[in-house]
1. Could you give the Stokes-Einstein D for the stretch 20-107 in µm² per second, using the C-alpha Kirkwood radius, 25 °C, 0.890 mPa s?
2. Full extension from Thr87 to Lys64: what is 0.36 nm times the residue separation minus their Cα-Cα distance, to one decimal in nm?
3. Determine the sum of side-chain charges near Lys74: Lys and Arg each +1, Asp and Glu each -1, restricted to other residues whose C-beta is under 14 angstrom from that of Lys74.
4. Using the structure shown, select from Lys22/Lys64; Lys29/Lys77; Lys43/Lys64 the pairs with a Cα to Cα distance greater than 24 angstrom.
5. Determine the gain in length on full extension of the stretch Gln48-Arg103; use 0.36 nm per residue of separation and subtract their C-alpha separation, reporting nm with one decimal.
6. With an 8 Å Cα cut-off and a minimum separation of 6 or more residues, compute the relative contact order for the stretch 20-107 in percent.
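Read-outs: derived from the displayed coordinates by stated rules, not from any lab. None of these values were measured; they are calculated from a predicted model. Note that we place each Cβ from the backbone using ideal geometry, even for glycine, and neighbour counts take in every protein chain shown.
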Amino acid sequence: MKNLITILLLFFAVNIQAQSIKLIHINAKWNQDNNYPHLRGLKNVDIQMAFLEDQTADLRSKIKAVPVILLIDKNGKPRGQWQADLTFKLNVKQEEVQDWVNRILMDQ
């Protein structure tokens, strides 16, 4: 029993310390029909979704087009960004985003 508790505590500690790559998808509420459709197919990345309207004024002023995808490494450093074109759609292939995720993982 003592060993089981030790193993569980160790597993819990490792999971708390593990920091993953984050993909932040920001879109406007009025543009939800144009959410990036390939989020579920991405591997080894923690996906977070947010509405532009719910962000701080400072962040809103920096975003020029929605939707936008930001890739953040485990240290909080932005490593990739894609934003919509004039159609308010993200025209980026899932493979391109996954390649960026894989490169970041190899760098860590």
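1. It comes out at roughly 186 µm²/s.
2. Answer, rounded to one decimal: 7.0 nm.
3. Charge balance near Lys74 sits at +1.
4. Beyond 24 Å: Lys29/Lys77; Lys43/Lys64.
5. 17.8 nm
6. Contact order relative to length: 35 percent.
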